[in-house]
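Student: Sending over a structure as structure tokens; questions will come in a sec.
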Amino acid sequence: MRSPRNKLQSIDTWIDNFRSMLASVTSWLPTTLAVGICLGLSTWFLFQPEIIGHIADDQAGNEERYKLLAWTAICVFAVIFFYAVMYRRSRRKSDINLHEFTRKMNRFAVIICIVPIFLFLRTDHLGKEHPFISIIASLGIGLIGAYFAYQIAKVRQWSFFKAGLHHLPLPLSQGKAGMGSERGRSRWIPLIVVILLALSYMAALTHLQTIHHHNLGTRNWDFGLYINCLWHSLRGNFLGCSFIPEGTHITRHFDPILVLISPILLIYNKAETLIVFQAAWVASGAIPLYLLAKHKLGNPLFGIALSLVYLFHPAVHGPNMYDFHSIVLAFPVLLWCMYCLETERIKTYYGFLALLFLIREDTPALAAMMALYMIISGRLYRVAAITIVLATVYGLLVNLVVMANAYSYTYYFREIKLQGHSPTSSIFISLLTNPGFVIKYALGEERILYILKMFMPLMMLPLFSKKHYILFTWGLATTFFGSWVGFIRLGTQYSVYWLPFMLASVPFAIDNISKGRLVRALDIDPRRIRPALAMGMVLCAISMSSLYGVFWPNSSFRPGYVGFQRITTPEHAARYETIKKIQSMIPDDASVLATRRVGAHFSLRKDVWSFHRHQEEGQVPDWVIIWNTDLKRKKDKKIQIPRVKYYKKSDDYDMVLNENGIKVHKRKPGRSP
């Protein structure tokens, strides 16, 4: 008979064994169940996509729910059965136990969990109505992808992450000399891949913005304005523009780069030329990003990953699709500046710095941020000093002399601006005298949401490169303190103030994380965490792009302040045919007055004016083009309706066309109203 003491020891042993077994089971069972459930959801959603919306809106019927539950249970059992079969086969070759085998299987199968989350994100209006949930789900996709990449990125199998593509094994049939030349050629393969990605982006954005333009989505201000400015500059009228009452664009912005690019109209004298040019210019930013990531992380694959993130980022799509703005041209130029600084190509840096100054009058502020970055980094002090001097002198010269009588944009900060003070001094005075108001104003929900949308496609990685924080200052200042709604919208041009710097900080953030204390404390392999972070970032960018970018249909993407229709309906096609008919009717030397979204199609001429900003003095249009839809905005009715009525009733004009909602009035010969 066993003693009570032996019985207690037996119970303790049984309890310890049970705990050990429970710990082993809990290390793989939850993940296995998650894989099975996600497999069930993924396959069900793929074959019955309409149910996603029903579930998201909590409108699924009981029958739909029961069918989904039954199918999910079947998939869970299918996964368990598959694991069992594979385990039995593996036992013939090794003595691996069930728990360890299942954990290894889960490391690969966990990627399935991304699919139902991504499909759920594709629910209509989710990104618009539940932005925080969407952003968190995108982060979840990125983290799952990073975990998956970390698990499979073993040094033995993924050694090319360290060595580079040019060290991959080549066919043995190549001789020694042939092998060397083949390896030399293979070094160009990643760059060619990036160029092909950039060309694909250019083709897609050109196609989509052309559709937007033909659907009358572009406006007189600013697309028509810039086309007219190019037309005048090409003919020797430096930055001339008839849309602007003063007759020159200098009263709004100083962007001499327009003179340099104006010859593109000699290639094809159409508005679509500017669309193609802008898409190509923005797409070229992928090349300096690729070179920067390759230089910092020692591998071209990281450059390809970062280029993908750039081309998928919604805050790149919006400015590219929103009419045309000269500041958008700073995207690749800033990236080239950052690459030249990091690789110490100083002469080339000065060349791109000069090009940056030509883009717009506010770019010297961005140059000053780069100079401060150099100082904080503890190097290139001389280059930093020269940059500060050049930025200060050029900025003062342009803003105080060249643009002395320019239009003021201080109303962009009207809610925080104090009377008699500049926006900058108003912010500092308010911080000292009324900090509560400033903090409440700066940390509004929409501003925080905008910042998250900017950072999340990069999986928040720029936060791990502290020395780059100074580069974000200008963009954050406009985000936190600007009153203009465009400062906190992905679809406007103001993301250029800091997105290029965020992208340039990513390689340094990845390097910092791989060498950081947390990686060492958690015993994480630094060689595997790098590709893991790159994979997670790419998936984050793709998921955020599906919500807020232009490549996938969604209700959240808006180029600027207007909606976007990615297809040409029969109504759109008929209306554009009318536009082309009117273009053929009007001589090139005739003056045109047009409503808000029509004038851009008639801007390649000396005199073209816009209804909603038209000044009557001395402007007698030969042709008047009115699209009825442009007359529906409340704030334009007081200005436009009386003028429209005048041209309708005037004896000096005849209506020569009324088709598809567009009316055309032609001035009678010899009549001057």
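Student: Check which residues have an amide H placed less than 5 Å from residue 653's amide H, if you skip close sequence neighbours.
Tutor: Sorted by chain and number, the residues that satisfy this are 668.
Student: While we're on this one: Projected onto the charge dipole of the chain (+1 at Lys/Arg Cβ, -1 at Asp/Glu Cβ, origin at the Cα centre), which of 669, 200, 220 gives the Cα projection farthest towards the positive end?
Tutor: The Cα lying farthest towards the positive end belongs to 200.
Student: Could you state, as a whole-number percent, how many of the C-alpha pairs of the chain are farther apart than 31 Å?
Tutor: 63
Student: While we're here: Roughly speaking, to the nearest percent, how much of the chain's 1.4 Å accessible area is carbon and sulfur?
Tutor: Ligands and nucleic acids excluded, carbon and sulfur give 63 percent.
Student: Here is a further query. Of the cross-linked pairs 347/515; 580/666; 606/663, which ones have a Cα-Cα span greater than 20 Å in the structure shown?
Tutor: Table pairs above 20 Å Cα-Cα are 347/515; 606/663.
Student: Now a separate question. Could you tell me which of rounded, prolate or oblate describes the stretch 372-490, using a ≥ b ≥ c as the square roots of the eigenvalues of the alpha-carbon gyration tensor, with rounded for a/c under 1.5 and, failing that, prolate when a/b is larger than b/c and oblate otherwise?
Tutor: oblate
Student: Further question on the same structure: Find out how many positive minus negative residues lie around residue 549, taking Lys and Arg as positive, Asp and Glu as negative, among other residues whose Cβ is under 13 Å from that of residue 549.
Tutor: Neighbour charge sum, excluding residue 549 itself: +4.
Student: Return one number: the angle in degrees, 0 to 90 and rounded to the nearest 10, between the long axis of the Cα atoms of helix 445-455 and the longest principal axis of the Cα atoms of the chain.
Tutor: Approximately 70 degrees, to the nearest 10.
Student: Which whole-Hz ³J(HN,Hα) couplings does the stretch 81-91 yield from phi under the Karplus relation 6.51 cos²θ - 1.76 cosθ + 1.60, θ = phi - 60°, glycine and proline marked x?
Tutor: Couplings: 5, 4, 4, 5, 4, 5, 5, 4, 5, 5, 5 Hz.
Student: So, one more: In degrees from 0 to 90, rounded to the nearest 10, what is the angle of the helix 29-47 Cα long axis to the longest principal axis of the chain?
Tutor: Tilt relative to the chain: about 40 degrees.
Student: Continuing with the same structure: Suppose every Lys and Arg Cβ carries +1 and every Asp and Glu Cβ carries -1, with no other charges. What dipole size does the stretch 245-353 come out with about its Cα centre, to the nearest 20 debye?
Tutor: 300
Student: Here is a follow-up. Got a sec to turn the phi values of the stretch 509-523 into Karplus ³J(HN,Hα) couplings, 6.51 cos²θ - 1.76 cosθ + 1.60 with θ = phi - 60°, whole Hz, x for Gly and Pro?
Tutor: Using θ = phi - 60°, the values come out as 5, 4, 5, 5, 5, 5, 9, x, 5, 4, 5, 5, 5, 8, 6 Hz.
Student: Which value, in debye to the nearest 20, gives the size of the charge dipole of the stretch 85-136 about its Cα centre, when Lys and Arg are +1 and Asp and Glu are -1 at the Cβ?
Tutor: 540
Student: May I ask you to evaluate 6.51 cos²θ - 1.76 cosθ + 1.60, the Karplus curve with θ = phi - 60°, for each residue of the stretch 595-610 and list the ³J(HN,Hα) values in order in whole Hz, giving x for glycine and proline?
Tutor: For the stretch 595-610, the Karplus curve yields 6, 4, 10, 10, x, 4, 7, 10, 8, 7, 7, 5, 10, 9, 10, 10 Hz.
Student: Where does helix 286-297 land angle-wise versus the long Cα axis of the chain, in degrees 0 to 90, nearest 10?
Tutor: Here the helix axis deviates by roughly 40 degrees.
Student: With a 1.4 Å probe and all protein chains kept in place, how do 498, 609, 474 rank by accessible area, largest first?
Tutor: Per-residue accessible area, sorted high to low, gives 474, 609, 498.
Student: Ranked from highest to lowest mean number of other Cβ atoms within 10 Å per residue, what is the order of the peptides 296-309, 34-47?
Tutor: The peptides rank, most packed first, as 296-309, 34-47.
Student: Evaluate the charge dipole of the chain about its Cα centre and quote only its size in Debye, nearest 20, assuming +1 on the Cβ of each Lys and Arg and -1 on the Cβ of each Asp and Glu.
Tutor: 1720
Student: Taking the Cβ of residue 582 as the centre, find all other residues whose Cβ is under 12 Å away and add up their charges (Lys, Arg: +1; Asp, Glu: -1).
Tutor: Around residue 582, the surrounding residues sum to +3.
Student: Also, quick follow-up: With a 1.4 Å probe and every protein chain left in place, work out the accessible area per residue of the chain in Å², rounded to a whole number.
Tutor: Per residue, the chain has 48 Å² of solvent-accessible surface.
Student: Within 15 Å, Cβ to Cβ, of residue 110, how many net charges do the neighbouring residues add up to if Lys/Arg are +1 and Asp/Glu are -1?
Tutor: Here the charged neighbours net out to +3.
Student: Let me ask something additional. In terms of the Cα gyration tensor, with a ≥ b ≥ c the square roots of its eigenvalues, is the stretch 296-343 rounded because a/c is under 1.5, prolate because a/b exceeds b/c, or oblate?
Tutor: It is oblate, given that a/c is not under 1.5 and a/b is not larger than b/c.
Student: Hey, can you rank 403-414, 544-555 by average C-beta count inside 10 Å, highest first?
Tutor: Going by the mean number of other Cβ atoms within 10 Å, highest first, we get 544-555, 403-414.
Student: If eta is 1.002 mPa s and T is 20 °C, what Stokes-Einstein diffusion coefficient results for the stretch 447-574, Kirkwood Rh from Cα pairs, in µm²/s?
Tutor: Roughly 130 µm²/s, to the nearest whole number.
Student: If packing is taken as the average number of other Cβ atoms within 10 Å across a peptide's residues, how do 499-512, 343-356, 89-102 rank, most packed first?
Tutor: Packing order, densest peptide first, comes out as 499-512, 343-356, 89-102.
Student: Given the -39500 (n - 2.57) contribution per DSSP H run of 4+ residues, what per-residue ellipticity at 222 nm results for the chain, rounded to the nearest 500 deg cm²/dmol?
Tutor: -19000 deg cm²/dmol
The values are calculated or read from the model by the stated rules, or taken from the named source; none is laboratory data. These figures come from a predicted structure and were not determined experimentally. So basically every Cβ, Gly included, is an ideal-geometry build from the backbone, and we count neighbours across all protein chains shown. Protein only, heavy atoms only, side chains kept; ligands, DNA and RNA dropped before computing areas. Shrake-Rupley method; radii C 1.70, N 1.55, O 1.52, S 1.80 Å.
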